[in-house]
Amino acid sequence: MSKNCRATPFDAGPQFFLLLIFGAFGYRAPKNLVVVGSLVLAAVLVSATIYLILDMDAPFTGPIQVSRTPMLRVIAEMK
């Protein structure tokens with residue numbers, strides 16, 4: 001995770017809520033391969049989405065970076 005990507009109370013609240021939801025689904029669901037695989041896949045996809053949102057908070061740093069070139073071209077055109 002990048003240095004700028006820090007959890008705040010606004011991030012921790014939804015993460016705790018999602019933990020409770022997936023925990024409740026896992027506790028009440030029948031124990032078979034399809035159900036366990038679906039819950040694990042859903043949890044991975046939700047956590048990846050949260051990671052991408054937090055990583056794109058600082059688009060010019062971190063593992064996923066956005067190019068500055070288009071923004072610099074627009075600024076040059078505006079001048």
Counted residues, segment 41-61 - those being assigned to a loop (DSSP other than H, G, I, E, B) and within 30 Å of GLY23 (Cβ to Cβ): 2
Qualifying residue in segment 28-35 (condition: modelled with pLDDT of 85 or more and in contact with a Phe, Trp or Tyr (Cβ under 7 Å, 6 or more places away or on another chain)): no
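Results for (1) in a helix (DSSP H, G or I); (2) without any contact (Cβ under 8 Å) to a residue 40 or more places away in the chain; (3) on the phi < 0 side of the Ramachandran plot; (4) exposed (fewer than 10 other Cβ atoms within 10 Å of the Cβ), shown as yes or no for each residue.
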residue: PHE10; (1), (2), (3), (4): yes, yes, yes, yes
residue: LEU19; (1), (2), (3), (4): yes, yes, yes, no
residue: GLY23; (1), (2), (3), (4): yes, yes, yes, no
residue: TYR27; (1), (2), (3), (4): yes, yes, yes, yes
residue: PRO30; (1), (2), (3), (4): no, yes, yes, yes
residue: LEU39; (1), (2), (3), (4): yes, yes, yes, no
residue: PRO63; (1), (2), (3), (4): no, no, yes, yes
Members of segment 41-55 found to be surrounded by 13 or more Cβ atoms within 10 Å (Cβ to Cβ) and either in contact with a strand residue (DSSP E or B) (Cβ under 7 Å, 6 or more places away or on another chain) or aliphatic (A, V, I, L, M) (or both), listed by number: ALA42, ALA43, VAL46, ILE50, LEU54
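The values are calculated or read from the model by the stated rules, or taken from the named source; none is laboratory data. Because the structure is predicted, anything quoted here is derived from the model rather than measured. All Cβ positions, glycine included, derive from the backbone under ideal geometry; neighbour counts span all protein chains shown.
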